[in-house]
1. Helix check for the chain. Which DSSP H runs span at least 20 Å along their own axis by Cα, with a mean Kyte-Doolittle hydropathy no less than 0.5?
2. Based on the Cβ-Cβ distance of Thr88 and Ser529, what FRET efficiency does E = 1/(1 + (r/R0)^6) give at R0 = 45 Å, to the nearest 0.05?
3. How far is the Cα center of region 498-546 from the Cα center of region 146-187, in Å?
4. Pairs of alpha-carbon atoms within less than 8 angstrom and 6+ residues apart define the contacts here; what relative contact order does the chain have, in percent?
5. Any chance you could tell me what percent of the C-alpha pair distances in region 55-150 go past 20 Å?
6. Ranking Glu488, Glu412 by Cβ neighbours within 10 Å, fewest first, what do you get?
7. What number results when the radius of gyration of region 384-451, computed over Cα atoms, is divided by 2.2 N^0.38 Å?
8. Could you pull out every one of the aspartates and glutamates with an alpha carbon less than 17 Å from that of Lys111, ignoring same-chain neighbours closer than 8 positions?
Amino acid sequence: MSKLTSSHAWQALKAHHIAIEPVHMRQMFRDDPARFDKFSVQLGSLLFDYSKNRINAETIKLLTNLARQSGLQSQIERMFVGEKINFTEQRAALHTALRNRSGRAVYSNGKDVMPDVQRVLELIRGFSDKVRTGEHVGHTGKRITDIVNLGIGGSDLGPLMVCEALKPYSLPALHAHFVSNVDGTHLSETLKRLDAETTLFIISSKTFTTQETLTNARSARAWLVEKLGNEQAVAKHFAAVSTNLEATAKFGINPQNVFEFWDWVGGRYSLWSAIGLPIALFVGMDKFEELLGGGYAMDEHFRSAPLDKNIPVLLGLLGIWYNNFFGAASNAVLPYDQYMHRFAAYLQQLEMESNGKRVDRDGNTVDYNTGMVVWGEPGTNGQHAFFQLIHQGTRMIPADFHAPLHSYNPFEEHRAIPLANCFAQTEALMVGKTEEEARAELVAQGLQGEALEALLPHKVFPGNRPTNTFLFERLDPHTLGMLIAMYEHKVFVQSVVWNINPFDQWGVELGKQLAGKILPELRGTGIASPHDASTSGLIDYYHKHY
Ligand code: G6Q
């Protein structure tokens with residue numbers, strides 16, 4: 001048994017789980033009318049209601065004991081002060097410095113990183129203002145109307161999600177596109193709609209060595225040069241964001257259009273850095289800074305709120321409660337806002353890449369589950385698709401519901417419909433429908449006898465299915481910043497309890513190496529290396545049929 005699973009706090013939770021398991025949340029709400037007040041936290045305009053969870057006051061006490069036992073508070077400080085907590089890569093994880101609005105110095109390797117952070121923010125402001133006002137024009141003197149981000153993973157999902165979420169703040173005359181897939185279709189279908197004279201490409205790559213991104217960048221460059229008939233055009237139509245300034249120079253990017261970030265920013269934590277350049281271009285630097293401000297507000301809360309009033313801590317611990325004690329394997333994220341339609345995809349990387357680890361910090365194989373599968377879609381659409389399994393399937397799927405009170409598109413006929421659905425779903429998931437209730441409904445519909453008995457079991461809903469609800473005034477940059485930072489810290493809390501490193505990603509690196517080996521074999525430019533029979537069979541099949 002590991003130190004964690006044999007610990008007093010873990011064992012106490014195990015025993016407590018046996019007591020809670022048979023209790024229905026219906027009963028919990030009946031017994032305690034103050035449950036909503038007890039199990040909700042307000043931070044600014046964000047309300048976190050976690051009362052529809054299979055918990056009582058004792059559960060929270062035991063979960064926060066577990067967090068304390070893991071040394072969570074001191075680990076939080078270690079992250080904020082720039083210790084090399086990403087020890088497998090010998091790096092700090094200082095994404096919080098990127099949105100540090102306090103004026104406090106933050107050190108990495110003995111150097112205050114804040115002057116560099118501020119300097120790059122100013123550069124982003126200067127460049128984005130110039131593009132948005134039309135001062136920066138293309139090679140032929142025309143105003144930029146389209147920006148295309150060429151990046152993948154952490155250099156794509158964050159800025160893409162934010163640009164979609166903050167669309168109401170964008171300029172109508174400036175469109176943002178994101179090309180990530182190395183399948184030429186992605187680039188080609190995007191370019192079909194664009195005019196080279198008015199297009200600005202941003203090559204976003206921390207390492208500037210990623211095959212997908214550099215392949216797309218080279219093809220985009222060839223397209224531009226062909227369309228504009230001049231190599232010189234590249235200087236006005238390409239910008240780059242990277243930690244590898246040597247490689248951006250080698251690619252031929254005008255140094256004035258290069259925006260730097262640093263190795264202490266993890267890819268999936270990088271939207272707050274220059275990787276957010278497409279965001280600043282799309283919604284303007286002031287709004288980008290409001291996003292940073294929202295992240296900072298959540299950072300301050302995370303750093304200072306007591307554990308049992310701390311939103312990311314509670315969120316992380318509830319995830320552990322279901323994952324490690326109820327055996328839940330996945331977590332749904334269901335926003336009731338169309339602008340958040342890429343939110344789950346973004347969180348999928350954040351959570352699964354960070355906590356998809358099987359050895360602890362000492363290199364021992366863990367004897368408990370770590371990261372859950374994260375998935376989701378806008379809630380209202382999900383209701384007509386996969387919600388069935390959440391309501392009546394055999395698995396418990398804890399779900400996070402997100403909803404703004406106000407829409408940016410207030411058609412009177414649509415008003416309150418998304419919220420009504422959101423509230424109704426969490427209520428139904430919690431309450432369920434008993435056999436007696438289902439029977440009464442069928443009787444009222446005129447059913448009886450054998451027909452009624454045959455249908456009855458299918459109409460029963462067990463309920464007792466846990467959900468969190470996040471309500472906010474509207475999806476503005478500040479609120480979005482809070483929500484993103486909240487999930488970043490949730491991931492961190494879980495990693496501390498599980499004693500794993502959430503900031504490395506050797507599985508991603510493996511993918512990068514493997515494709516590099518097989519590509520020359522497919523192209524016939526390399527020596528065939530030994531493979532298993534399946535892989536060799538597939539390679540042979542390709543050669544025979546291509
Ligand atoms: C993120 C991961 C990964 C990375 C991409 C792109 O945390 O490391 O998703 O962001 O592989 O890498 P580059 O930005 O270096 O191109």
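1. Both cut-offs are met by 417-431, 477-498.
2. Plugging the Cβ-Cβ distance into 1/(1 + (r/R0)^6) gives 0.95.
3. 28
4. Relative contact order comes out at 19 percent.
5. 62
6. Exposure proxy ranking, most exposed first: Glu412, Glu488.
7. Ratio of Rg to 2.2 N^0.38 Å for region 384-451: 1.50.
8. Straight-distance partners of Lys111: Glu83, Glu260, Asp263.
Read-outs throughout are calculated quantities, based only on the coordinates presented, and are distinct from any laboratory measurement. Everything quoted here is computed from the prediction, not taken from an experiment. Note that each Cβ is placed from the backbone with ideal geometry, even for glycine, and that neighbours are counted across all protein chains shown.
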